[in-house]
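One structure is given here, and the rest of the page talks about it.
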Ligand SMILES: Cc1cc2nc3c(=O)[nH]c(=O)nc-3n(C[C@H](O)[C@H](O)[C@H](O)COP(=O)(O)O)c2cc1C
């Protein structure tokens with residue numbers, strides 16, 4: 001038996017509950033931004049993926065807090081810069097803690113004692129505890145739906161990857177330990193890695 005849901009009859013919260021349970025596992029972008037006073041903000045977002053590879057672009061969907069933009073979205077709309085730090089098993093506890101509602105102007109980075117490194121192209125710094133970071137410049141913000149969430153699309157200006165996680169220019173998936181968000185307060189680590197033979201020209205391929 002299958003149960004069907006009509007989106008038109010679902011509240012925003014009910015649709016959200018289905019979506020966050022269905023679209024799993026989601027990687028976590030731990031986003032640093034800076035406000036007009038130079039205060040560094042850090043918050044995690046799992047409604048996130050890459051959307052273009054030349055130039056490389058990432059997209060992050062940031063919901064509102066009632067009518068108000070979250071600090072991350074407000075800072076990006078203001079100055080057009082952000083850094084995506086990849087959340088890993090080792091950073092799970094701090095990353096999760098940084099999702100608490102700190103008032104604007106209060107730095108999660110300072111409150112949680114997170115060490116930072118200056119970025120090379122943008123003002124938002126990298127988090128030292130994150131082995132991979134991507135410095136981004138805002139490409140565009142697309143406002144979506146009744147709740148006017150901000151789909152933030154950013155161009156990656158620099159990738160920073162810990163040498164230990166590289167095999168040549170590729171990510172060594174056997175050494176990378178990303179953490180993934182599931183529905184509710186649940187997270188997952190990577191399970192077993194299953195390798196398939198390459199398919200031919202007529203089959204599906206990853207963009208290159
Ligand atoms: C793992 C994780 C993933 C999250 N993903 C999202 C997301 O994709 N979009 C969103 O709006 N909020 C998401 N949140 C909630 C934000 O992190 C939270 O609202 C945070 O307080 C925003 O901080 P800011 O106001 O400093 O930007 C997530 C929280 C956690 C713990």
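The values are calculated or read from the model by the stated rules, or taken from the named source; none is laboratory data. Just so you know, these numbers come straight off a predicted model, no measurement behind them. All Cβ positions, even for glycine, are placed from backbone atoms using ideal geometry, and neighbour counts span all protein chains on display.
From 115, 133, 158, grab the single residue that is under 20 Å from residue 38 (Cβ atoms), surrounded by 14 or more Cβ atoms within 10 Å (Cβ to Cβ) and touching a strand residue (DSSP E or B) at 6+ places or on another chain (Cβ under 8 Å).
Values: 115 fails: surrounded by 14 or more Cβ atoms within 10 Å (Cβ to Cβ); 158 fails: under 20 Å from residue 38 (Cβ atoms).
Only one candidate passes the filter, namely 133.
When the residues of the range 58-73 are narrowed to those that are crowded, with 17+ Cβ neighbours inside 10 Å and more than 7 Å from the ligand (Cβ to nearest atom), which ends up farthest from residue 102 (Cα to Cα)?
Start the filter on the range 58-73 by keeping residues that are crowded, with 17+ Cβ neighbours inside 10 Å, which leaves 58-63, 69-73.
Narrowing further to those that are more than 7 Å from the ligand (Cβ to nearest atom): 58-59, 69.
Values: 58: 25, 59: 23, 69: 13 Å.
Of everything passing the filter in the range 58-73, 58 is farthest from residue 102 (Cα to Cα).
Would a scan of the range 138-145 turn up a residue that is over 21 Å from the mean Cα position of the chain (by Cα) and modelled with pLDDT of 95 or more? Don't jump to the end; show me each part of the working.
Going residue by residue through the range 138-145, those that are over 21 Å from the mean Cα position of the chain (by Cα) are none.
Within the range 138-145 (the criterion being over 21 Å from the mean Cα position of the chain (by Cα) and modelled with pLDDT of 95 or more), the answer is no, since none of the residues qualifies.
Can you find, within the range 39-65, the residue that is farthest from residue 110 (Cα to Cα) among those that are in a loop (DSSP other than H, G, I, E, B) and in contact (Cβ under 8 Å) with a residue 40 or more places away in the chain?
Narrowing the range 39-65 to residues in a loop (DSSP other than H, G, I, E, B): 39, 46-47, 54-55, 63.
Applying the additional criterion that residues be in contact (Cβ under 8 Å) with a residue 40 or more places away in the chain yields 39, 46, 55, 63.
Details: 39: 9, 46: 22, 55: 33, 63: 24 Å.
This residue is 55.
Quick test for you: out of 86, 40, pick the one residue that is in contact with a helix residue (DSSP H, G or I) (Cβ under 8 Å, 6 or more places away or on another chain), more than 10 Å from the ligand (Cβ to nearest atom) and over 14 Å from residue 138 (Cα atoms).
Numbers: 86 fails: in contact with a helix residue (DSSP H, G or I) (Cβ under 8 Å, 6 or more places away or on another chain).
Step by step, each of 86, 40 is checked, and only 40 is in contact with a helix residue (DSSP H, G or I) (Cβ under 8 Å, 6 or more places away or on another chain), more than 10 Å from the ligand (Cβ to nearest atom) and over 14 Å from residue 138 (Cα atoms).
Pick out the one residue from 18, 10 that is touching a helix residue (DSSP H, G or I) at 6+ places or on another chain (Cβ under 8 Å), modelled with pLDDT of 95 or more and surrounded by fewer than 18 Cβ atoms within 10 Å (Cβ to Cβ).
Values: 18 fails: touching a helix residue (DSSP H, G or I) at 6+ places or on another chain (Cβ under 8 Å).
The unique qualifying residue is 10.
Taking the options 24, 28, name whichever one is in contact (Cβ under 8 Å) with a residue 40 or more places away in the chain, surrounded by 14 or more Cβ atoms within 10 Å (Cβ to Cβ), more than 8 Å from the ligand (Cβ to nearest atom) and over 20 Å from residue 122 (Cα atoms).
Numbers: 28 fails: more than 8 Å from the ligand (Cβ to nearest atom).
Of the residues listed, the single one that is in contact (Cβ under 8 Å) with a residue 40 or more places away in the chain, surrounded by 14 or more Cβ atoms within 10 Å (Cβ to Cβ), more than 8 Å from the ligand (Cβ to nearest atom) and over 20 Å from residue 122 (Cα atoms) is 24.
Out of (1) out of contact with any strand residue (DSSP E or B) (no Cβ under 9 Å at 6 or more places or on another chain); (2) away from the ligand (no atom under 14 Å from the Cβ); (3) assigned to a loop (DSSP other than H, G, I, E, B), what's the single condition that is false for residue 103?
Here residue 103 meets the rest and fails (2).
Between a residue in the range 85-108 that is on the phi > 0 side of the Ramachandran plot and any residue that is part of a loop (DSSP other than H, G, I, E, B) and more than 11 Å from the ligand (Cβ to nearest atom), which pairs come within a Cβ distance under 9 Å, given they are 6 or more apart or on different chains?
Pairs found: 105/37.
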